[in-house]
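The values are calculated or read from the model by the stated rules, or taken from the named source; none is laboratory data. Every value quoted in this text rests on a predicted model; they were computed, and no experiment measured them. Using ideal geometry, Cβ is built from the backbone for each residue, glycine included, and neighbour counts are taken over all protein chains shown. What goes into the accessible areas is simple: the full protein's heavy atoms, side chains included, and nothing from ligands, DNA or RNA. Shrake-Rupley method; radii C 1.70, N 1.55, O 1.52, S 1.80 Å.
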Amino acid sequence: MAFEELLQQVGDSGRFQIFTAVLLLLLNMLSAQHDFMENFTAAIPAHHCSVHLLDLKSKSNITTNLTMEVLLRLSIPLDPNQKPEQCRRFHQTQWQLLSPNVSAVNNTELETEPCLDGWTYDQSVFTSTIVTEWDLVCDFQSFRYFAQTISLAGHLVGSPISGIFGDKFGRKPLLVAAGLSFGILGFACAFAPSFSLYCLLRFLMSACLSALQNSSLALLLENTSQKWFPIIVTMKGLSLSANQALLAGLAYSIRDWHKLQLANTLPYFIVSLFVCCVAESVPWLMTTGKTEHALRELQRIARINGKKDVAPSLTTMVVRSKRKKELNETRSHSRIAEVIVNPTVVRTAIFASSLTFSGTFCSYGLLLDIQAFGKDIFLTQFLLAAADTPSKLFTCFIIRHVKRRPSVAFLLFMMGGSVMVTIFVPKEMHILRLIIFLFEKASYSTYISLCTAFISELSPTVLRSTLQGFYMFSFKLAATCAALALVTRKYFVHLPTILYVVTPMVASISLYFLPETYNLPLPNTIKDLEKRDRFWIKSNRNKQSKELLETTEV
């Protein structure tokens, strides 16, 4: 590749690459907490109706000596687990329950009513969440899942728009704008005065986050030599694991949702200020005809990497000669209208996005509801990060030595199978359910890192941002659908789990229609993608013909 030759001249593993990788990975790590923040900021604490004593005056001499536990017994009925009902209270204070002779009164015989005076929340775990802030319990409990859904829906808007803008205006301008906007919106979200405004701010933050993740990944891959590709993908995955461990530590230390939101936003906002120091994608500049800008960036990279003698030898003529073929192809294939009708691009985009959707849909349904897999959600969140680390280190080996298609298919079945097991494990068996959950999460971590590599190898440089925006759209659509599926649990408890099992297994069929990309360089143009596709189809046909001849009796 021409860019590989230029990168070798200016340095492919110097200070510039290290600075860019550390900054963008740190930015990804801090911003990735956004999607899982509501596991803590929207946690549902133990609660019951606020105690009311309608005839308090007449019984004042009695109530002064009563404990809160007894007052709850007089005002709140017990559920089947002998704990106070969360959503009902007695219509009248049941003073007769003080007598030991009526301790066995059936609660169903006593008149009850909804919580008309609000709720009392257990603050032993969280001092404040959005659930306690706006009483999102009982009949309003589904609002908590809708808040997650609305937040994730922001990605559905931000992903395709950011992809198109990234290919049109460049990766760096979009990254700077999205980074600063995300930080400002994060501050505003911490002080949202109403639930509706909170949801709107989370929606906008998700849109900015999609642009940030799309642009940062493109910059990481396109300004890096092919030999560092597996390590970059692995490090990106590990940064997300570190993010989950950091989120668990932050949430454990900060139990108020306002302060937790601020603690997440402040360091991110500081890091995003350094994004202006990142260089624009040189392959994108070259393939879009911005030769002079590409030359300035290459000279800058050479100076940062300590190769000052190389910088003067780089000229516009050298850059143009290296990329003349790609520039000509770019002019004839860069319009969106031509992309939409290109059968190779459309087919690749549809089937690759189905892989992204299925794996994410399967796993996010569990990740968005970690309260169902362990009593201590802080420990559960930390263990998720711990389970990620070895699996993502193993991903580096897979990317280097194993073909993409069989690896992806195997992991899809592993994820679906592990989720299926949870149907038969009772909720009371917390440890076993947590072990299964961690195994599924480890499989998903390997899968998503491998998919990142596979999809990048299927995306030409001139369309990489647009296609990644499309893939991120399917990724976030899956997360949104997973959150919506949790709402249906109220009507059919096993429906979400069944969907999480079936979807990845069915999606594995898509691999039949995608070419193998193992040990192949990143394509630069649509023509590169078409050549690779034709070669793969021809190789398959030759292989089938050979097998047919070998098994035919003459």
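Anything over 19 Å Cα to Cα? Flag those among K168/K236; K172/K307; K392/K441, in the order listed. The pairs that break the limit, which is 19 Å between Cα atoms, are K168/K236; K172/K307. Protein heavy-atom accessible surface, 1.4 Å probe, per residue over the stretch 184-255: 32 Å². Say R0 is 60 Å: what FRET efficiency, to the nearest 0.05, do V51 and V22 get from their beta-carbon distance? Computed FRET efficiency for V51 and V22: 0.65. Compactness of the stretch 409-486 was expressed as the Cα radius of gyration divided by 2.2 N^0.38 Å, which yields 1.37. Taking amide H atoms as placed 1.01 Å from N in the peptide plane, the amide H of R88 lies under 5 Å from those of C49, each 5 or more residues away in sequence or on another chain. Each label point was placed 7 Å from the Cα along the Cα-to-Cβ direction; for I498 and F169 their separation is 4.6 nm. Taking a point 7 Å out from the Cα of N81 in the direction of its Cβ, the residues of the stretch 408-443 whose backbone N falls within less than 19 Å of it are 423-435. Counting 0.36 nm for each residue step from L273 to L393 and taking away their Cα separation leaves a gain of 40.2 nm. Computed with a 1.4 Å probe over protein heavy atoms only, the accessible surface of the stretch 345-475 comes to 34 Å² per residue.
Taking a spot 7 Å from the Cα of F535 along the direction of its beta carbon, which residues of the stretch 481-524 have an amide N less than 17 Å from it? What the label zone holds, given the 17 Å backbone N cut-off, is 514-524. What base-10 log of the normalised intensity I(q)/I(0) is obtained for the stretch 153-256 from the Debye formula, alpha carbons as equal point scatterers, at q = 0.10, 0.20 Å⁻¹? Debye intensities relative to I(0), on a log10 scale: -0.36, -1.13.
Work out the charge dipole of the stretch 137-294 with +1 on the Cβ of Lys and Arg and -1 on the Cβ of Asp and Glu about the Cα centre, then indicate which of H293, S272, S239 is farthest towards its positive end. Positive-most Cα among the choices belongs to S239. For the stretch 205-303, the carbon plus sulfur part of the accessible surface works out to 69%, probe radius 1.4 Å.
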